[in-house]
Amino acid sequence: MNDLKSPILKAIRILRRVVQEEAPVSLAGLSLALGLPKPTVHRLALLLEQEGLLQRDPLSRRYLVGSALEELAFQAIRNAPGHSTRRLHMQRLAEKIGESINLGALSGDEVVYVERVESAWPLRMDFKPGSRVPVHCTANGKLLLAYSPPSVRQRLLRAAPFPPYAKNTITTAAALARELEVIRRRGYSEDNEEFLVGVCCLAVPVRNAERQVTAGLAVMAPSARFPLEKARACLPDLYATAEIISAQWETAKGGAGT
C-alpha cells in the first residue's frame, strides 16, 4: 500500500498515461484518470516537464510526450535484449535482397531510424541509427502516418504545403491524404524518388503486442539498380521479417507481464 503513495510511482503512472493517450491530455484529465489530486499531478508533471520527459502544448497547455522521453524510448528499443536478434534478421534480409534495410518509428513530424543495415554496394545511402527523415516524402513516414491515429494524421496534414525535396514529393494535404488511404488499403508504402533523387523505398508495417503499427521496415536503394517493380517482388520477404520483429515485441511484452 505504501508503494501507491510513492512519488516515483505516481510520476511513472503520469508518464504511462500521457504515452497511452492519442492526443494531448489535460491536467484535469490526468487527475481524473489516475485518481490523483490536481496539485499532485501538477507538481509531478512539472518535474517531468523540467526533465524533458513531458511537454505542454503551447496553445491548449495539455501534456504530451517530451523530446527526452522520445529519445529514451528509441534508445531503449535500440538497446533492448532482442536488439541483436532483430538486427540479425534485418542483416539476413539485407543479404537476401542485396539492399539496405531500415527500421523506423514516428517522432513528431519526422521518422527516426531505430535500426539500419547497409548494403554491401559501394553506392549506398549512409544513414545511421538515430537519423531523422521527413514524414511526408519517405516510405516509412507515409506508412506510419497512414496507420497513426486520426488526430495525428490531421495535425500533420494541417502543416501543408510540405517542402519539396524532389520532383515527385507530395506537397499538398489533399494529395497526401489520398496517398495515405491507398497505403492503408494495400498494406505497404512506396517512396518513388520523393525524398532523394534517384532513390526509391518500400516499407511494410511492424506491429506491437496489440497489433498496432508502431514501426516500419523498409528497403532503400538507388532506383537505377533497384526500381520499385523489383522492390515489390521482395514484399513477401519484407512482410516475413516484419512479422518476426513483431513477434519478438509481443514475446517481450508477454515476458514482462509475467
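The values are calculated or read from the model by the stated rules, or taken from the named source; none is laboratory data. As the structure is a computational prediction, the values presented were derived from the model and not from experiment. Cβ placement follows ideal geometry from the backbone for every residue including glycine, while neighbour counts extend to all protein chains displayed.
What to note about this one:
- The residue of the range 163-179 that is surrounded by the most Cβ atoms within 10 Å (Cβ to Cβ), among those that are under 10 Å from residue 136 (Cβ atoms) and touching a helix residue (DSSP H, G or I) at 6+ places or on another chain (Cβ under 9 Å), is 176.
- Restricting the range 113-138 to residues that are modelled with pLDDT of 95 or more and in a loop (DSSP other than H, G, I, E, B) leaves a set whose member that is nearest to residue 75 (Cα to Cα) is 135.
- Among the candidates 143, 176, residue that is at pLDDT 95 or above and within 19 Å of residue 239 (Cα to Cα): 143
- Here 128, 167 are screened, and the one residue that is assigned by TED's automatic domain parsing to the domain that holds residue 225 and under 30 Å from residue 54 (Cα atoms) is 128.
- Any hit, the range 173-192, residues being part of a loop (DSSP other than H, G, I, E, B), touching a residue at least 24 places away in the same chain (Cβ under 8 Å), on the phi > 0 side of the Ramachandran plot and not acidic (Asp, Glu): no
- Those strands (runs of 3 or more DSSP E) lying entirely in the range 3-112 with at least 2 residues assigned by TED's automatic domain parsing to the domain that holds residue 195 and closer than 26 Å to residue 243 by Cβ: 100-107
So that you can scan it fast, the table gives a plain yes or no per residue for (1) of a type in the set (A, V, I, L, M, F, W, C); (2) buried (at least 19 other Cβ atoms within 10 Å of the Cβ); (3) at pLDDT 95 or above; (4) not assigned by TED's automatic domain parsing to the domain that holds residue 91:
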residue: 218; (1), (2), (3), (4): yes, yes, yes, no
residue: 226; (1), (2), (3), (4): yes, yes, no, no
residue: 236; (1), (2), (3), (4): no, no, yes, no
residue: 241; (1), (2), (3), (4): no, yes, yes, no
residue: 246; (1), (2), (3), (4): no, yes, no, no
residue: 249; (1), (2), (3), (4): yes, yes, no, no
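- Being under 30 Å from residue 87 (Cβ atoms), crowded, with 16+ Cβ neighbours inside 10 Å and among the aromatic types (Phe, Trp, Tyr) is a condition met by at least one residue of the range 62-76.
- Boolean, residue 30 is surrounded by 15 or more Cβ atoms within 10 Å (Cβ to Cβ) and either over 24 Å from residue 213 (Cα atoms) or not polar (S, T, N, Q) (or both): yes
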